[in-house]
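Beneath this line is the structure, given in structure tokens, with notes to follow.
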Amino acid sequence: SMTTGSELVLELAEAQLVNVNINGSLLVSCDNVMGNIEAKAGEGEGKGLVFDTSQCGRVRMRHVRVENAGVNHEETVMESGDCWKHRPSRVESCRIVLHGNAEFEARRCTLSGNLSFEVPAGNKMFVTADADGKLVRTLEPLSAGGKASWGWEYQLCRDGRLRLRLRLWPGAIRRASNAVRSAVGGVAGRIATAGNGKGAQQQAS
């Protein structure tokens with residue numbers, strides 16, 4: 001759910017959001033929206049492209065609250081094109097940046113204030129809360145070859161409906177001994193002050 005004036009930006013193809021409540025701005029972007037893109041041999045530029053969706057960025061958020069000051073609607077002017085050009089003035093936001101085939105997963109926690117999570121390619125970041133409600137992150141490498149830990153399977157039914165099924169591949173995560181665990185402000189990934197972004201925007205009215 002989204003409160004009035006909140007903002008949700010999803011610049012990726014693979015996402016699962018379950019019981020996510022947004023009061024402010026949540027911005028998710030990735031380098032590889034459709035995975036690696038390669039041209040078939042013998043095809044001209046821009047023709048015969050092959051999309052490898054197994055290498056795209058992914059995000060899963062379940063039972064998560066996002067709380068921040070979000071968009072400054074007083075300084076965001078509709079007539080100047082701030083909205084349709086995706087240039088809103090923001091006071092605070094929660095920003096998630098995925099590089100390459102990186103994955104981000106948050107579960108049963110509150111993402112409060114001005115936050116930015118950046119996940120390097122070939123890794124998955126888990127975010128949850130400890131007994132005191134403080135955010136705890138775990139950064140772990142994906143399996144050899146960077147296999148995704150989950151994905152959507154699509155099936156076209158005879159009646160024309162599209163059936164989706166979430167598949168999990170537990171073996172795709174290497175439980176490395178050097179996996180980094182830290183509270184917000186640590187060194188597993190990077191948390192920084194969030195700024196303005198670019199991309200498609202959805203606002204609750």
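Readers should treat all values here as calculations from the given coordinates under stated rules, not as data from a laboratory. Only a predicted model underlies this, so the values are computations on that prediction, with no experimental measurement involved. A quick note on method: Cβ atoms are made from the backbone with ideal geometry, for glycine too, and the neighbour counts reach across all protein chains shown.
For the peptides 134-144, 148-158, the ranking by packing is 134-144, 148-158, with the highest mean count of neighbouring Cβ atoms within 10 Å listed first.
Both radii come from the Cα set of the stretch 85-145: Rg as radius of gyration, Rh as Kirkwood radius; their ratio Rg/Rh reads 1.05. Calculated translational diffusion coefficient of the stretch 114-172 (20 °C, 1.002 mPa s; Stokes-Einstein with Kirkwood radius over alpha-carbon pairs) equals 149 µm²/s. Peptide packing: for 20-30, 1-11, the average count of neighbouring Cβ atoms within 10 Å per residue gives the ranking 20-30, 1-11, highest mean first.
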